[in-house]
Amino acid sequence: MSKAKTAITTERAPIITVRFVIALLLFVAGIAWVAWYYTSVRPDPGVFPPVDGSPKAIADLGRWNYTIGLGLAMLGLMVSAHPSTPLGRGRGVVIAMLSCFLLGLVWIILYYIFANDLSRVPVFNDLGNWNLAVGIALMGVGFSFATKWE
């Protein structure tokens, strides 16, 4: 018996897809939201009496701004776990999964290292014990990539 001689062709999927652009925009918007809130809107804790941030509607949300920003960033990562994006197929899944696991672990380790004096670490100082939730959520995003791993 002879083996069938068929050529196996692997077709490369496009890198830039609508889903990838949406995931990238969500991730960048989340990081930008946290950076904007922390640097511009957040009331300065070192000033007495405290001066309210501007715009007032955003400043009134307080720590919810971190939930919005970090949530958008993590949602962007989860959207990118689809096979139509570079992070959702092939080696991208493994790289993204391990990166999320390690980033979550490093986040928690840094929190424990600086837990006695968080005033030196931006963003960590506002979140307090919620830093543990952020680290665990990053690991959860890593599990969303793990479900795509073949």
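Within the stretch 124-146, take every residue that is touching a residue at least 60 places away in the same chain (Cβ under 8 Å) and β-branched (V, I, T) and give me the one that is surrounded by the fewest Cβ atoms within 10 Å (Cβ to Cβ).
V134
Tell me which of these A81 doesn't satisfy, since it passes every other one: (1) closer than 24 Å to W36 by Cα; (2) surrounded by 15 or more Cβ atoms within 10 Å (Cβ to Cβ); (3) of a type in the set (A, V, I, L, M).
Every listed condition holds for A81 apart from (1).
Taking T67 as meeting all but one of (1) hydroxyl-bearing (S, T, Y); (2) more than 23 Å from G142 (Cα to Cα); (3) free of Cβ contacts under 8 Å to residues at least 24 places away in the same chain; (4) in a helix (DSSP H, G or I), write down the number of the exception.
With respect to (1) hydroxyl-bearing (S, T, Y); (2) more than 23 Å from G142 (Cα to Cα); (3) free of Cβ contacts under 8 Å to residues at least 24 places away in the same chain; (4) in a helix (DSSP H, G or I), T67 is out only on (2).
Name every residue in the stretch 113-128 that is assigned to a helix (DSSP H, G or I) and either within 16 Å of the chain's Cα centre (by Cα) or at pLDDT 95 or above (or both), in order of residue number.
Quick first cut of the stretch 113-128, residues assigned to a helix (DSSP H, G or I) only: 113, 118-120, 124-127.
The answer is F124, L127.
If I95 meets every condition in (1) farther than 29 Å from F20 by Cα; (2) modelled with pLDDT of 90 or more; (3) β-branched (V, I, T) apart from one, which number is that one?
(1)
Kindly check whether there is at least one residue in the stretch 103-123 that is touching a residue at least 60 places away in the same chain (Cβ under 8 Å) and buried (at least 19 other Cβ atoms within 10 Å of the Cβ). Before you say what the answer is, go through the steps one by one.
Restricting attention to the stretch 103-123, the residues satisfying the condition of being touching a residue at least 60 places away in the same chain (Cβ under 8 Å) are 122-123.
Next cut, buried (at least 19 other Cβ atoms within 10 Å of the Cβ) only: none.
No, because not a single residue in the stretch 103-123 is touching a residue at least 60 places away in the same chain (Cβ under 8 Å) and buried (at least 19 other Cβ atoms within 10 Å of the Cβ).
In the stretch 8-58, which residue that is in contact with a Ser or Thr (Cβ under 6 Å, 6 or more places away or on another chain) and outside any loop (DSSP other than H, G, I, E, B) is surrounded by the fewest Cβ atoms within 10 Å (Cβ to Cβ)? Walk me through how you get there before you give the answer.
Here is the first cut: in the stretch 8-58, the residues in contact with a Ser or Thr (Cβ under 6 Å, 6 or more places away or on another chain) are 17, 19-20, 23.
Among the residues that remain, those that are also outside any loop (DSSP other than H, G, I, E, B) are: 19-20, 23.
Numbers: R19: 15, F20: 19, A23: 24.
Here the residue is R19.
Filter the stretch 84-102 for residues that are outside any helix (DSSP H, G or I) and surrounded by 20 or more Cβ atoms within 10 Å (Cβ to Cβ) and give the result.
Of the stretch 84-102, the ones outside any helix (DSSP H, G or I) are 84-85, 89-90.
Passing the criteria: only T85.
The values are calculated or read from the model by the stated rules, or taken from the named source; none is laboratory data. It should be emphasised that the depicted structure is a prediction, and the values quoted were computed from it without experimental measurement. Cβ: placed from backbone, ideal geometry, glycine included. Neighbour counts: every protein chain shown.
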